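Chemist: I am attaching a structure below and will ask some questions about it afterwards.
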Amino acid sequence: MWFHKLSATFFGIGYIGKGAGTVAALVCSICWYFAWRGNYPAFFSVYITVFITALGVWSGNMVEPIWGKDHGRVVIDEVAGMCISLLFVPVTIQYVFAGLLLFRFFDILKPLFIRKLEKLPGGWGVMADDVLAGVYANILLQLFILFHPFGS
């Protein structure tokens, strides 16, 4: 069980309390930037994102009986959503920061059917809303890229 608590809280970040989701998304953004800047292996980043998402569903299922439905300690969903936000996006500080802002906007306000996904059972309900928030953020980032707002 310790493994699922560790992964669900993204190495303990979930234990900090209020704002843990934003902190987890910020840490993920920083890690993404330093891991992929200058060299963006798209396949590997997709693989890691799918792995984090699947781990989140599994760990969400495991910790729900202990902590309750979509407990605030569970922040692996924010990490997965943040990764999805940044897939196939140029790794610059501007785009990573824009991805963070867009993802948190969709994740916190939960427009466009995002809130309905929270009602799914177990780990699926934990992860699905953040996955869709990440997809929406990524779509907007792809539109930004299309119109080159950050140069190039």
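The values are calculated or read from the model by the stated rules, or taken from the named source; none is laboratory data. Computed from a prediction, not measured in an experiment: that's the story for all the values here. Using ideal geometry, Cβ is built from the backbone for each residue, glycine included, and neighbour counts are taken over all protein chains shown. Each accessible area value is taken on the protein alone, full model and side chains, heavy atoms only, with ligands, DNA and RNA left out. Shrake-Rupley method; radii C 1.70, N 1.55, O 1.52, S 1.80 Å.
Chemist: Treating the angle as unsigned and between 0 and 90°, give the value, to the nearest 10°, between the Cα long axis of helix 76-86 and the longest Cα principal axis of the chain.
Modeler: So the inclination is approximately 10 degrees.
Chemist: Compute the separation of the alpha-carbon centres of the stretch 1-49 and the stretch 111-150 and state it in Å as a whole number.
Modeler: Comparing the Cα centres of the stretch 1-49 and the stretch 111-150, I get a distance of 16 Å.
Chemist: Counting other Cβ atoms within 10 Å of each Cβ, which chymotrypsin sites (Phe, Trp or Tyr not before Pro) in the stretch 56-103 have at most 15 and sit in a DSSP loop? The partial results should precede the final answer.
Modeler: Working: sites: Trp58, Trp67, Phe88, Tyr95, Phe97, Phe103; in loops: Phe88.
Answer by residue number: Phe88.
Chemist: Can you give the convex hull volume of the alpha carbon atoms of the chain per residue, in Å³?
Modeler: Numbers: hull volume 15.1 nm³, N = 152.
Hull volume normalised by residue count: 99 Å³.
Chemist: Where the accessible area of the stretch 1-89 is counted over protein heavy atoms with a 1.4 Å probe, how much of it, in %, is carbon and sulfur?
Modeler: 72 percent
Chemist: Could you give the length gained on full extension between Gln94 and Gln142, defined as 0.36 nm per residue of separation minus the Cα-Cα distance, in nm? Could the numbers behind the result be given before it?
Modeler: Working: separation 48, 0.36 × 48 = 17.28 nm, distance 1.34 nm.
Gain on extension, Gln94 to Gln142, equals 15.9 nm.
Chemist: Which residue, Leu109, Leu101, Leu86, tops the fluctuation ranking in a GNM of the chain built on C-alpha contacts under 10 Å?
Modeler: Its mean-square fluctuation being the largest, the pick is Leu109.
Chemist: Tabulate in residue order the Karplus-calculated ³J(HN,Hα) for the stretch 63-68, using 6.51 cos²θ - 1.76 cosθ + 1.60 with θ = phi - 60°, rounded to whole Hz; enter x for Gly and Pro.
Modeler: For the stretch 63-68, the Karplus-derived couplings read 8, 4, x, 8, 9, x Hz, x marking Gly and Pro.
Chemist: Let me ask another. So with the 1.4 Å probe, I'd like the accessible area per residue for the stretch 34-95, rounded to whole Å². Can you show the working numbers first?
Modeler: Values: 3050 Å² over 62 residues.
Value returned for the stretch 34-95: 49 Å² of accessible area per residue.
Chemist: Give the longest segment of the chain that steers clear of trypsin sites (Lys or Arg not before Pro) in DSSP loops with at most 16 neighbouring Cβ atoms within 10 Å, not counting the sites themselves. Walk me through the numbers before you get to the answer.
Modeler: Values: sites that count: Lys18, Arg37, Lys69, Lys119.
Answer - 70-118.
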